[in-house]
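The values are calculated or read from the model by the stated rules, or taken from the named source; none is laboratory data. For clarity, every value in this text was computed on a predicted model and none was experimentally measured. With ideal geometry, Cβ positions are generated from the backbone for all residues, glycine too; neighbour counts draw on all protein chains shown.
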Amino acid sequence: MSDNSRRNNLITKYVLKEKHTIESEMSFFDHLEELRWHLIRSIIAISVFTGLAFSYKEIIFDQIILGPKNPNFWTYRKMCEIAAKYNIPDFCVSKINFVIMNTELSGQFVIHLTSSILVGLALAFPYFIWELWRFIKPALQTSERRYANGLIFFASLLFGIGVLFGYYIIVPLTINFLGSYTVSAEIINQVSLDSYLSTVGTLSLGCGVTFELPIIIYFLSKVGIVTPKLLRGNRRFAIVLILLISAFITPSPDMMTQTIVAIPLFILFEISILVSASVARNRAKKEAEFYNS
């Protein structure tokens, strides 16, 4: 081969390599642009729900955020019914012994805006999951897309159940215990508005995220990080961890309260084992079909 031919071949390879690199870079930036628009639409959805929540401050504050502060709250009524039925008067909550106060000039406006954003995030969560699915959908196979459709529904459902569990169970129990706890009768509990909102928002949304455990286990099982054998083998450690979490998020020393919190976490863990086992069976089935074909 002559020098000119070798030179032409090298030039051709260089041009093809540069073309491939440029196309890859363009594809990468195209993906970034696509992701940007998904995020923009998600932010718009959050902003819309935030605006609605901001407009209905009487409902958001008086009925929702300040609801667990009211002794007539649904959870407290049910606790009193249980107390009357099983003759455990200490379980009934008839008074919340603390006062919510605001000490900052702009405090109530800032809390109004913050609470509206939290409500907007909670309400827009299903839409955000849907936008995320639309972004990753082109990279999925047909069978994976079918499973992804179900994941969107279950992720939204679990998040909603978690938020409701946190709001109706964790928040009232925590507020009742911490708000009524005193080290001396001479000290009056005056809770700042910011501290109260932080407790309600963190516990409610935190439970919503915690209830996503089966979805998280699904993806970890898909990439091989978690297996059903690993989960079953560490069930004892999981039980201890769940009890510790229950004791932490419910400061009340009452065993019944901690049990009420721990039971859903046990159920979530067992569901996660079933999810991981299902992923493992599907992987084994595909491998068997591949080797038998």
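A few notes on this one:
- Matching residues, the stretch 173-203, being under 21 Å from Lys57 (Cα atoms) and either within 19 Å of the chain's Cα centre (by Cα) or of a type outside the set (Asp, Glu) (or both): Val191, Ser192, Leu193, Ser195, Tyr196, Leu197, Ser198, Thr199, Val200, Gly201, Thr202, Leu203
- Members of the stretch 194-204 that are out of contact with any Leu (no Cβ under 6 Å at 6 or more places or on another chain) and either surrounded by 20 or more Cβ atoms within 10 Å (Cβ to Cβ) or not in a helix (DSSP H, G or I) (or both): Tyr196, Leu197, Val200, Leu203, Ser204
- Remark: pairs (first residue in the stretch 224-249, more than 16 Å from Ser278 (Cβ to Cβ); second residue hydroxyl-bearing (Ser, Thr, Tyr); Cβ separation under 9 Å; 6+ apart in sequence or on different chains) = Ile245/Thr210; Ser246/Thr257; Ser246/Thr259; Ile249/Thr174.
- The set of residues in the stretch 191-223 that are within 28 Å of Glu104 (Cβ to Cβ) and free of Cβ contacts under 8 Å to residues at least 60 places away in the same chain comprises Ser195, Ser198, Thr199, Thr202, Leu203, Gly206.
- The set of residues in the stretch 128-145 being farther than 24 Å from Val209 by Cβ and either loosely packed, with under 11 Cβ neighbours inside 10 Å or at pLDDT 80 or above (or both) consists of Pro138, Ala139, Gln141, Thr142, Ser143.
- Test: residue in the stretch 246-265 that is under 30 Å from Val110 (Cβ atoms), assigned to a helix (DSSP H, G or I) and of a type outside the set (Val, Ile, Thr): yes
- When the stretch 62-83 is filtered for residues that are of a type in the set (A, V, I, L, M, F, W, C) and either surrounded by fewer than 12 Cβ atoms within 10 Å (Cβ to Cβ) or modelled with pLDDT of 90 or more (or both), the ones remaining, listed by number, are Ile64, Ile65, Leu66, Phe73, Trp74, Cys80.
- Among (1) farther than 28 Å from Ile136 by Cα; (2) modelled with pLDDT under 55; (3) part of a helix (DSSP H, G or I), the one test that Met1 misses: (3)
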